[in-house]
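Below: the structure, in structure tokens.
The values are calculated or read from the model by the stated rules, or taken from the named source; none is laboratory data. Every value quoted in this text rests on a predicted model; they were computed, and no experiment measured them. Because the Cβ atoms are built from the backbone with ideal geometry, glycine has one as well, and the counts that use them run over all protein chains shown.
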Amino acid sequence: MIIAKTVDEVRKYVNAWRKEGFTIGLVPTMGYLHEGHASLVDKAVSMCDKVVASDFVNPTQFGPGEDLESYPRDFEHDCQLLEQHGCSLVFYPSVDEMYPDGNGKTDTYIEILDDMPKQLCGKTRPIHFRGVCTVVGKLFNIVMPDKAFFGQKDAQQLAIIKRMVRDLSYGIEIVGCPIVREEDGLAKSSRNTYLNPEERQAALCLSKAIFAGEKMAKDGEKDADKIVAAMKEIIEKEPLAKIDYVSAVNGITMATVSKIEGETLFAMAVYIGKTRLIDNFIYSV
Ligand code: PAF
């Protein structure tokens with residue numbers, strides 16, 4: 001597997017592959033990879049001739065007081081996982097390589113101006129999706145992939161990236177991949193590593209609420225508010241949990257809904273101690 005640290009190096013390889021007629025898949029990541037990321041790479045390998053993964057903790061998507069500095073990093077382990085799963089190239093840039101103005105700052109952003117990035121996670125993380133769109137847009141410009149792969153766990157991010165690709169005519173197919181869970185149900189996340197054993201146990205209230213909500217929907221409950229209330233009740237029983245939001249929204253626009261119609265996203269963000277975790281399910285009728 002090739003390790004490329006500069007934009008020029010990545011371009012050299014992907015241009016050569018394109019000339020040979022290879023299709024290219026991109027898996028953007030912030031590193032500290034787990035089976036969830038591995039499933040994205042597996043999907044990309046199954047659909048593309050060459051797979052590029054990026055491994056970059058993107059400063060522009062972290063707000064003041066968030067976990068940019070403490071975000072877990074282990075590049076050696078990331079390389080092992082990527083190589084085992086058939087990744088062709090990992091792009092591991094420095095902050096200055098991605099943001100030449102220095103200090104992880106830029107004056108040029110990609111931002112969706114309607115309410116979509118202001119809902120759900122956007123309420124408490126107002127600059128988050130602007131940073132995500134900016135870095136993903138840059139990665140698209142650098143790699144120019146045919147397809148790009150994102151986890152359904154970040155459902156709002158996935159919807160926003162699809163919207164950005166449509167609005168800016170990127171011509172890249174966005175492939176959403178299912179949430180990967182631990183055996184006991186907790187959605188895999190690099191941030192799970194912040195949890196102490198007591199918190200790790202408490203964190204199961206998220207997946208319990210997700211499974212209970214999903215069952216209600218499958219059993220025919222159409223009242224989204226009732227499902228949200230039942231999910232909240234489960235989380236509120238856990239003393240270490242503090243709800244940021246539990247909401248039902250339209251799966252494409254992220255607008256709040258009270259009834260299940262079309263594609264409905266039930267999403268939550270919950271603090272377990274100081275760690276903010278997210279989870280969701282989509283129900284389509
Ligand atoms: O989902 C993530 O890990 C990040 O938001 C992404 C898409 C790699 C952009 O930094």
Worksheet entry | Residue in the stretch 172-187 that is surrounded by the most Cβ atoms within 10 Å (Cβ to Cβ), counting only those that are in a loop (DSSP other than H, G, I, E, B) and acidic (Asp, Glu) | Glu182
Discussion item. I'd like to check something: does the stretch 77-95 contain any residue that is of a type in the set (A, V, I, L, M, F, W, C), farther than 17 Å from Ala53 by Cβ, within 13 Å of the ligand (Cβ to nearest atom) and assigned to a helix (DSSP H, G or I)?
Written reply: yes
Discussion item. When you check Asp8 against the structure, is it more than 28 Å from Thr106 (Cα to Cα), part of a helix (DSSP H, G or I) and modelled with pLDDT of 95 or more, yes or no?
Written reply: no
Discussion item. With the structure loaded, tell me whether Asp219 is more than 24 Å from the chain's Cα centre (by Cα), over 27 Å from Leu68 (Cβ atoms) and loosely packed, with under 14 Cβ neighbours inside 10 Å or whether it fails that test.
Written reply: yes
Practice prompt. Out of the residues in the stretch 83-117 that are of a type in the set (Gly, Ala, Ser) and touching a residue at least 40 places away in the same chain (Cβ under 8 Å), state the one that is surrounded by the most Cβ atoms within 10 Å (Cβ to Cβ).
Written response: Ser88
Discussion item. Can you say whether Ser88 is closer than 27 Å to Glu173 by Cβ and at pLDDT 95 or above, as far as the supplied structure shows?
Written reply: yes
Practice prompt. Evaluate the following for Gln119: is it polar (S, T, N, Q), within 13 Å of the ligand (Cβ to nearest atom) and modelled with pLDDT of 95 or more?
Written response: no
Discussion item. Return the residues of the stretch 116-166 that are closer than 26 Å to Lys5 by Cα and not in a helix (DSSP H, G or I); say none if nothing qualifies.
Written reply: Met144, Pro145, Asp146, Lys147, Ala148, Phe149, Phe150, Gly151
Item to complete: Run down Ile243, Ile234, Ile272 and say which single residue is out of contact with any Asp or Glu (no Cβ under 9 Å at 6 or more places or on another chain) and farther than 25 Å from Gly176 by Cα.
Response: Ile234
Discussion item. Just the residues that are within 15 Å of Thr29 (Cα to Cα), without any contact (Cβ under 8 Å) to a residue 40 or more places away in the chain and not in a loop (DSSP other than H, G, I, E, B), please, taken from the stretch 49-76.
Written reply: Val51, Ala53, Asp55, Glu76
Item to complete: Identify, from the list Thr193, Thr256, the residue that is modelled with pLDDT of 95 or more, within 26 Å of Gly31 (Cβ to Cβ) and surrounded by fewer than 16 Cβ atoms within 10 Å (Cβ to Cβ).
Response: Thr193
